[in-house]
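Step one of this worksheet: look at the structure below.
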Amino acid sequence: MRERILTIIEKDSRIDLKELAVMLGKEEIDVVNEIAAMEKEGIICGYHTLIDWEKTSIEKVSALIEVRVTPQRGQGFDNIAERIYNYPEVNSVYLISGAYDLLVTLEGKSLKEVSNFVSDKLSTLDTVLSTATHFILKKYKDHGTVLTQKNLDERLKFTP
Amino acid sequence: MRNPLNDKIVNVKPSGIRKFFDIVSEMPDAISLGVGEPDFDTPWHVRDEGIFSLEKGKTFYTSNAGLMGLRQEISAYINRRQGITYDPAKEILVTVGGSEAIDVALRCMLNPGEEVIIPQPCYVSYEPCAVMADGVPVIIDLKHENDFRLTPEELEAAITDKTKVLVLAFPNNPTGAIMERKDLEAIAEVIIKHDIYVISDEIYSELSYHGDHVSIATLPGMKERTIMINGFSKSYAMTGWRLGYACGPEVILKQMIKLHQFAIMCAPTTSQYAAIEALRNGDEDVAAMRESYNERRRYLLHVFREMGLECFEPFGAFYVFPCIKEFGMTSDEFAIRFLEEEKVAVVPGTAFGDSGEGFLRISYAYSLDNLKEALGRMKRFITRLREEKDKN
Ligand SMILES: Cc1ncc(COP(=O)(O)O)c(C=O)c1O
């Protein structure tokens, strides 16, 4: 049941829990309890809204920043990751394999704001060796959702 | 001028859906519960393989029976799902949809005057194809109280010394009924006793929500008298690719391949390459779609129960078949009024045979939002009908 609940609410966190229970062939109370348990266990970490800011009049700039760091003795990357993710403008911090260590995603009001963050805050951290900033020009797909087009139902209205 | 036409085709009734099609096309804002195809797109890796085959210039005819690689994958797939084996070289034909397989099988098996037993409600093509193949359709009216399954008694009663073939189509369109192993065993006995053949249309085999689908061909003594028909339309959301297949004993398949060769040459090449990918790497897609249909099926049944609409629990395909007899109108009348007053398109059960009278076919191959909107309108509509009835 957990996997199905997670698969469904990952796509639609606003689904009515009564409906969800019907769809899964379970009692509503069991679904509610399962979700509560998963929240408590930290499996479900939040319920967010996917927004295409491009379509609003609000200016937003997002960037991906590759960061190379020196791991610290006894701490590995955890300490430096924490120092970065504590900044509220940082959206995500991932430790990754490959040519660099941390992938940081960031949102700011302008190019300048993002650049300033990188040059003033990020690059100046002791353990940061180098950064490479990639500004996002267009989001085609985010969180499994295609942002650029609406899929119309083109099927014939009646087929045998 | 002389009459240019063949009498048999002229006398075939046009599809009962046609009339609704014309009304709906005048109503751009109508929503529909009337489709018989998946709402999913073909999985991308499958489409990609089709595109790739075009890029590589694979644009020629394939061998008549279909790409050997595809027939091998079909054979492996049936073995994996049903535990029986068909020889890719002699016992498998790749066709233009399950539709062509139905037509070709009937034409290769029937002699003039031989009878084909067709349990209804069922898909619309068996009866006309049987007629065009010079066969004589013998209809069994399946019963709501049997959950629209075929019983050995019904079959026995329909068999004459002219009976040649039984068309068996489960999971069923339009009822959503399935036949479980025990149901199949009971009718297999009758089939063997009377020495008849089966054309088993298993196009919805992957959409079975009550244990895995069992093919009648897997029962003892049945493989040699069954043409198993399946395809990619429903299980892999590939209706537009037009690809299906037939498997069966070499004596029949040999003739089917011959007819197919003259009538069609071969099934579409691009689709065949895509289908290889579907069979090789598509099991997870199929499972995910099945799960999603099942969730919507439960939701729909729940809402019908809340509305107090009588409906047996269908365990297959993507249809429910609620009963509307309480309203005292025909399926046609109900469907037309529903369309005109609430702008929702559903298919009257009678489009699938006279025994569909008093029922509607409602498809759940739609997004949950679409279903909710349509069901909201349905609730409003039947509340109004019940009020009208109370007044009279
Ligand atoms: C029961 C049944 N058989 C066969 C078909 C034909 O499918 P296709 O020719 O797309 O394989 C359909 C399509 O709706 C069907 O419902």
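Here is a list: B:I276, B:I362, B:I324, B:I336. Which entry is assigned by TED's automatic domain parsing to the domain that holds B:Q120 and among the β-branched types (V, I, T)?
Testing whether each residue is assigned by TED's automatic domain parsing to the domain that holds B:Q120 and among the β-branched types (V, I, T) leaves just B:I276.
Would a scan of segment B:355-372 turn up a residue that is more than 13 Å from chain A (Cβ to nearest Cβ), more than 24 Å from B:P171 (Cα to Cα), surrounded by fewer than 15 Cβ atoms within 10 Å (Cβ to Cβ) and charged (D, E, K, R)?
Looking for residues that are more than 13 Å from chain A (Cβ to nearest Cβ), more than 24 Å from B:P171 (Cα to Cα), surrounded by fewer than 15 Cβ atoms within 10 Å (Cβ to Cβ) and charged (D, E, K, R), one finds none in segment B:355-372, hence no.
Do we have A:G108 as on the phi > 0 side of the Ramachandran plot and away from chain B (no Cβ under 14 Å) here?
No, not satisfied.
Could you tell me which residue of segment B:127-141 is nearest to B:V10 (Cα to Cα), considering only residues that are away from the ligand (no atom under 14 Å from the Cβ), of a type outside the set (G, A, S) and touching a Gly at 6+ places or on another chain (Cβ under 9 Å)?
Taking the candidates together, the pick is B:D134.
Would segment B:48-65 turn up any residue that is surrounded by 13 or more Cβ atoms within 10 Å (Cβ to Cβ), at pLDDT 95 or above, of a type outside the set (S, T, N, Q) and within 19 Å of B:I203 (Cβ to Cβ)?
no
Being within 11 Å of the ligand (Cβ to nearest atom) and touching a strand residue (DSSP E or B) at 6+ places or on another chain (Cβ under 9 Å), is that true of even one residue in segment B:206-224?
Yes, the conditions are met somewhere in segment B:206-224.
When B:N173 is evaluated against the numbered criteria (1) more than 14 Å from chain A (Cβ to nearest Cβ); (2) surrounded by 24 or more Cβ atoms within 10 Å (Cβ to Cβ), which criterion, by number, is the only one it fails?
So B:N173 meets the others, but not (1).
For segment B:20-34: of the residues being more than 7 Å from chain A (Cβ to nearest Cβ) and without any contact (Cβ under 8 Å) to a residue 40 or more places away in the chain, which is nearest to B:T350 (Cα to Cα)?
Per the stated criteria, the residue is B:D22.
Can you find a residue in segment A:29-44 that is modelled with pLDDT of 95 or more, farther than 13 Å from B:Y299 by Cβ and within 14 Å of chain B (Cβ to nearest Cβ)?
Yes, that holds for at least one residue.
Scan segment A:103-120 for residues that are touching a residue at least 24 places away in the same chain (Cβ under 8 Å) and over 16 Å from A:S92 (Cβ atoms) and report the count.
4
Can you go through B:E153, B:E145 and tell me which one is free of Cβ contacts under 8 Å to residues at least 24 places away in the same chain, closer than 24 Å to B:Y364 by Cβ and part of a helix (DSSP H, G or I)?
B:E145
Right, A:E89: out of contact with any Leu (no Cβ under 8 Å at 6 or more places or on another chain), in contact (Cβ under 8 Å) with a residue 24 or more places away in the chain and outside the structural domain of A:R14 (by TED's automatic domain parsing) or not?
no
Report yes if B:I324 is more than 16 Å from the ligand (Cβ to nearest atom) and buried (at least 24 other Cβ atoms within 10 Å of the Cβ), otherwise no.
Yes; evaluated as a whole, the condition is true for this residue.
Output the residue which, of all residues in segment A:14-28 that are in a helix (DSSP H, G or I) and over 26 Å from the mean Cα position of the chain (by Cα), is farthest from the other protein chains (Cβ to nearest Cβ).
A:E28
So which residues in segment B:104-126 are within 13 Å of chain A (Cβ to nearest Cβ) and either without any contact (Cβ under 8 Å) to a residue 40 or more places away in the chain or away from the ligand (no atom under 16 Å from the Cβ) (or both), if there are any at all?
Once the filter is applied, which keeps residues that are within 13 Å of chain A (Cβ to nearest Cβ) and either without any contact (Cβ under 8 Å) to a residue 40 or more places away in the chain or away from the ligand (no atom under 16 Å from the Cβ) (or both), segment B:104-126 yields only B:S125.
Which count do you get for residues in segment A:121-152 that are surrounded by 13 or more Cβ atoms within 10 Å (Cβ to Cβ), outside the structural domain of A:R68 (by TED's automatic domain parsing) and without any contact (Cβ under 8 Å) to a residue 24 or more places away in the chain?
0
Would you mind telling me which numbered condition in (1) closer than 30 Å to B:E127 by Cα; (2) in contact with a helix residue (DSSP H, G or I) (Cβ under 9 Å, 6 or more places away or on another chain) A:L122 fails?
It is condition (1) that A:L122 fails.
Regarding segment B:243-259, can at least one residue be identified that is among the basic types (K, R) and within 16 Å of the ligand (Cβ to nearest atom)?
No: segment B:243-259 contains no residue that is among the basic types (K, R) and within 16 Å of the ligand (Cβ to nearest atom).
Any idea which of B:I196, B:I191, B:I159, B:I178 is within 20 Å of B:H210 (Cβ to Cβ), of a type outside the set (G, A, S) and not assigned by TED's automatic domain parsing to the domain that holds B:F312?
None of the others qualify; the one that does is B:I178.
Exactly one condition in (1) within 15 Å of the ligand (Cβ to nearest atom); (2) of a type outside the set (S, T, N, Q); (3) away from chain A (no Cβ under 14 Å) is false for B:V10; which is it?
B:V10 satisfies all of (1) within 15 Å of the ligand (Cβ to nearest atom); (2) of a type outside the set (S, T, N, Q); (3) away from chain A (no Cβ under 14 Å) except (1).
Got at least one residue in segment B:269-290 being polar (S, T, N, Q), within 21 Å of the chain's Cα centre (by Cα) and away from the ligand (no atom under 16 Å from the Cβ)?
No, the conditions are met nowhere in segment B:269-290.
The values are calculated or read from the model by the stated rules, or taken from the named source; none is laboratory data. What you are looking at is a predicted structure, and each value in this text was computed from that prediction instead of being measured. Quick reminder, even Gly has a Cβ in these numbers, built from the backbone with ideal geometry, and neighbours come from all protein chains shown.
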